[in-house]
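Report on the following structure.
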Amino acid sequence: MKAFELHEARSVEDAVALLGKYNASAKIIAGGSDLLGMMKDQITGPSLPYPEHLVDVSAIPEFATINRVSDGLRVGAGVTLADLEASSDVNAAWSLLAQAAASAASPLIRNFGTLGGNINQRPRCWYFRGTQFNDCYKRGGDFCFAVTGKNAYHAIIGGELCYFVHPSDTATALVAMNASAKLAGPDGQRTVPFEEYFVGPREDVLRENVLKPGEVLVEVLIPTPPANTRSAWIKVKSRQVYDFAVASVAVAFTEENGTWKDGRIVLGGVAPKPYRATGVEEALQGKSITDNIDNAVQRLTSAARPMSDNAYKVTLAEALIKQAILKALA
Ligand SMILES: Cc1cc2nc3c(=O)[nH]c(=O)nc-3n(C[C@H](O)[C@H](O)[C@H](O)COP(=O)(O)OP(=O)(O)OC[C@H]3O[C@@H](n4cnc5c(N)ncnc54)[C@H](O)[C@@H]3O)c2cc1C
Ligand code: SF4
């Protein structure tokens, strides 16, 4: 690994000031499970410089807190995935997040990998992470190796130029729970719903989220779900030990006598950002769920544009949506 300077931030203001001071040569580091892997492998490219300065946010006190508030739950960006999984507060009404965190990575990584790092981790496309592919679009080059290469685990929806799938399990759950991100930066603080937080390659192929230079994710705000909300999380992996999602789904909805009232169906592992299956939601709106679920999930077929090796993901995602909704109803 090449040398870098480590700067410990003691407060959010400190982190923002350090990021401003070192600009493009600085990166935020929390647990380091994602960032240090890329640095060790020297994954760089025309628009992906090797970071010379790391701003460590892991000692910021408010980053490590979970607080129940009158209208929901506030989770600091530095809370580990293991703490999310074990928290009685998170499990009380926001268990989708606990389940998603528990399904990510291995126990070792969950012990030091943080929520902020999980949400903001970089793509896992094997070309992006491969040392010999530094001219891929996402690294600032002019080629996508997945189009003519091996793309069994790539996107079936929302790809353009770049076809990676967003790797974060917690991101999928947070969009389903209508959560928001509180950000701090040189221009102050702002709050962004997670549905608008992730950026696909159509908007900007070089980044995956709306974070501006010098901005930090401070905490996640999750509203209290409406009374009688039903929810379920399912993740399919190709290796059962631990692995990223081949496809996953988070559903959170309300129903009355078996009729769909309101809710969200969000897929992971199928698109460059968590994919909200609004077509399926619309097809269920005001209708008997069990009578209409088979037809409703087929809305995904018209939205999907599979690549040469991944058409199986369309059928898989449709089956997962049905399975998750029936699981939530059971
Ligand atoms: C072997 C392995 C298997 C894995 N499997 C899964 C899986 O199945 N599902 C899954 O979801 N994830 C998986 N992961 C990813 C893992 O969960 C993440 O690496 C971890 O959560 C990242 O947290 P961290 O604190 O270590 O992040 P870091 O490595 O410190 O940071 C990751 C990225 O986020 C940025 N960042 C960190 N904190 C902030 C912040 N507060 N504000 C803005 N940017 C920030 C960093 O700059 C960096 O770019 C896996 C990782 C490994 C190594
Ligand atoms: S899918 Fe994206 S990250 Fe992967 S090779 Fe293509 S451009 Fe690069």
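Using only Cα atoms, locate the centre of region 283-309 and the centre of region 1-49, then give the distance between them in Å, rounded to an integer.
Computed from Cα coordinates, the inter-centre distance equals 42 Å.
On the full set of protein chains, 1.4 Å probe, figure out the accessible area of Asp142 and give it in Å² to the nearest 10.
110 Å²
My understanding is that a pair violates if its Cα-Cα distance is over 19 Å; which of Lys261/Lys287; Lys138/Lys313; Lys27/Lys138; Lys2/Lys40 do that in this structure? Let's see the in-between values first.
Numbers: Lys261/Lys287 8 Å; Lys138/Lys313 23 Å; Lys27/Lys138 17 Å; Lys2/Lys40 8 Å.
Result: Lys138/Lys313 exceed 19 Å.
How big is region 230-329 along each principal axis, measuring the range of its Cα positions in Å and listing the largest first?
Principal-axis extents of region 230-329 (Cα, largest first): 39, 29, 21 Å.
Treating the beta-carbon of each Lys and Arg as +1 and of each Asp and Glu as -1, no other charges, what is the dipole magnitude of the chain about its Cα centre, to the nearest 20 debye?
The calculated dipole for the chain is roughly 660 debye.
Roughly how many Å² of Met38 are accessible to a 1.4 Å probe, to the nearest 10?
Accessible area of Met38: about 10 Å².
Please give the per residue accessible area of the chain, computed with a probe of 1.4 Å over protein heavy atoms only, in Å². Could you put the intermediate results ahead of the total?
Details: 14540 Å² over 330 residues.
I get 44 Å² per residue for the chain.
Based on Cα coordinates alone, diagonalise the gyration tensor for the chain, multiply each eigenvalue by 5, take square roots, and list the semi-axes in whole Å, largest first.
Ellipsoid half-lengths, sorted descending, are 32, 25, 16 Å.
What does the charge add up to near Val220, with Lys and Arg as +1, Asp and Glu as -1, over the other residues with Cβ less than 11 Å from its Cβ?
The answer is +1.
Using DSSP loop states and a limit of at most 14 other Cβ atoms within 10 Å to flag GluC sites (Glu not before Pro), what is the longest stretch of the chain containing no flagged site?
53-202
With charges set only on the Cβ (+1 for Lys and Arg, -1 for Asp and Glu), what does the dipole of region 45-157 come to about its Cα centre, in debye to the nearest 20?
Once rounded to the nearest 20, the dipole reads 400 debye.
What is the set of long-range amide H partners of Asp262 at a cut-off below 5 Å, with H atoms built 1.01 Å from backbone N?
Thr254
Can you work out ³J(HN,Hα) from phi for every residue in region 257-269, in order, using Karplus 6.51 cos²θ - 1.76 cosθ + 1.60 and θ = phi - 60°, giving whole Hz and x for Gly and Pro?
Computed from phi, the couplings for region 257-269 are 6, x, 9, 5, 9, 7, x, 10, 10, 10, 9, x, x Hz.
Could you work out how much longer the chain between Ala330 and Asp89 gets when fully extended? Use 0.36 nm per residue separation minus the Cα distance between them, nm to one decimal.
Full extension from Ala330 to Asp89 adds 84.4 nm.
At 222 nm, what helix-only mean residue ellipticity would the chain give, in deg cm²/dmol to the nearest 500, using -39500 (n - 2.57) for each DSSP H run of four or more? Don't skip to the end; give the middle numbers.
Numbers: 14 runs with 103 residues, N = 330.
Helix-only estimate at 222 nm: -8000 deg cm²/dmol.
How many angstrom lie between the C-alpha centres of region 85-154 and region 196-269?
With region 85-154 and region 196-269 each reduced to a Cα centre, they are spaced 13 Å.
Measure off, as a whole percent, the carbon and sulfur share of the 1.4 Å-probe accessible area of the chain, all protein chains present.
Summing carbon and sulfur atoms, their accessible area is 50 percent of the total for the chain.
Picking from Leu284, Phe244, Ala176, whose Cα lies most toward the positive end of the charge dipole for the chain (charges on Cβ: Lys, Arg +1; Asp, Glu -1)?
Highest projection toward the positive end goes to Phe244.
Tell me the net charge near Leu18. Cut-off is 14 Å between Cβ atoms, Leu18 excluded, with +1 for each Lys or Arg and -1 for each Asp or Glu.
That sum, taken over residues with Cβ under 14 Å, equals -4.
Cβ under 13 Å from Asn111's Cβ, Asn111 left aside: what net charge do those residues give with Lys, Arg +1 and Asp, Glu -1? Please list the in-between numbers first.
Values: positive: Arg110; negative: Asp83, Glu85.
That sum, taken over residues with Cβ under 13 Å, equals -1.
What are the ³J(HN,Hα) couplings of region 270-279, residue after residue, when phi is run through the Karplus curve with 6.51, -1.76, 1.60 and θ = phi - 60°? Round to Hz, x for glycine and proline.
Per residue, the Karplus-derived 3J(HN,Hα) values read 10, 8, x, 9, x, 9, 7, 7, 5, x Hz.
The values are calculated or read from the model by the stated rules, or taken from the named source; none is laboratory data. Since this is a predicted model, take the numbers as computed values, not measurements. Neighbour counts run over all protein chains shown; Cβ positions are idealised from the backbone, glycine included. These area figures cover heavy atoms from the full protein model, side chains too; ligands, DNA and RNA do not enter into them. Shrake-Rupley method; radii C 1.70, N 1.55, O 1.52, S 1.80 Å.
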